[in-house]
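The values are calculated or read from the model by the stated rules, or taken from the named source; none is laboratory data. Worth saying up front: this structure is predicted, and the values here are computed from it rather than measured. Each accessible area value is taken on the protein alone, full model and side chains, heavy atoms only, with ligands, DNA and RNA left out. Shrake-Rupley method; radii C 1.70, N 1.55, O 1.52, S 1.80 Å.
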Amino acid sequence: MSGNPFFFKQFKVNQNRCAMKIGTDAVLLGAWTSIRNNPFSILDIGAGTGILSLMLAQRCDAELIDAIEIDPDAYEQCVDNFETSDWNDRLFCYHASLAAFVEDIEDTYDLIISNPPFYSEDYKTENSQRDLARFQEAMPFHHLIESVTQLLSDRGLFSVIVPYQEEASFIKIAASFNLFPNNILHVRGNPNSNIKRSLITLSFHESEVNFNELIIETERHQYTDDYINLTKDFYLKM
């Protein structure tokens, strides 16, 4: 997607200063993430444009929605997107690394959400800012999970999206910190494609995992009912 503003039904997201533009991953995660525990406080780790925080502000009445973003350009853009939204009184972005944030913050959050950098494959592009946004080494899963366990309330939920091939290792690392998967959504681009993404809800409470599958399209630009129903509150043309 380009750097042009992205218009949703209830908010606009400017993204020209962010390395990672708005994509399907973020919209899926923001729409799918459970708010069943009626979170009072939410944390968005690696906010980028701020899209996840904005989607959750639209979906629930959480009084405190904090975001952290380390990249200075993305941070400034996130702040601007928050300020121009209808929920600017509930949204706040910190310009900080996750490690620094964990050190400084004593409160815990009822819901933590993250669309973390992945692509641990051995390639780099010419765009170092984009690499920072996309590469797992910028925020390794181990560091992310350990930090979440320090920031998540006892009954809180952690919602994350990872490549399907990283699912097993992510869950294994999480288990070593007593975080357990409760819900998993496997995403395919179309009925004949391999599973591409895993959306996972984790908590400190072990339970039988509820598995579901989502197919995005039956053919190019022919979206499935499941995908439309999940995203229709956000996309203008759904």
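Laid out as a table, the results:
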{"quantity": "Apportionment of accessible area to carbon and sulfur, segment 5-52, percent (1.4 Å)", "calculated": "52 percent"}
{"quantity": "Mean residue ellipticity (222 nm) of the chain, computed from DSSP H runs ≥ 4 via -39,500 (n - 2.57), nearest 500", "calculated": "-8500 deg cm²/dmol"}
{"quantity": "Alpha-carbon centroid distance for the pair segment 164-238 / segment 3-45, whole angstrom", "calculated": "16 Å"}
{"quantity": "From phi via Karplus (6.51, -1.76, 1.60), per-residue ³J(HN,Hα) for segment 56-70 in Hz, x at Gly/Pro", "calculated": "6, 5, 5, 7, 9, 9, 3, 7, 10, 10, 9, 9, 10, 8, 8"}
{"quantity": "Cα-based Lys proximity count in the chain, under 15 Å, for pairs eight or more positions apart or on separate chains", "calculated": "4"}
{"quantity": "Cα gyration tensor of segment 14-122 - equivalent ellipsoid semi-axes, whole Å, descending", "calculated": "19, 16, 15"}
{"quantity": "Length-normalised contact order for the chain - Cα pairs under 8 Å, 6+ apart - percent", "calculated": "17 percent"}
{"quantity": "Ratio Rg/Rh, restricted to segment 168-228 and using Cα atoms, in which Rh is the Kirkwood radius", "calculated": "1.10"}
{"quantity": "Percent accessible area from carbon and sulfur atoms, segment 183-238, protein chains only, probe 1.4 Å", "calculated": "43 percent"}
{"quantity": "Accessible area of segment 1-46 divided out per residue, in Å², using a probe of 1.4 angstrom", "calculated": "43 Å²"}
{"quantity": "Of all DSSP beta bridges in segment 129-238, antiparallel share, percent nearest 5", "calculated": "75 percent"}
{"quantity": "Segment 131-238, accessible area per residue, ligands and nucleic acids excluded (1.4 Å, Å²)", "calculated": "52 Å²"}
{"quantity": "Mean shadow area of the chain, taken as a quarter of the surface of its Cα convex hull (nm²)", "calculated": "12.4 nm²"}
{"quantity": "DSSP-defined beta bridges in the chain - what % are antiparallel, rounded to 5", "calculated": "45 percent"}
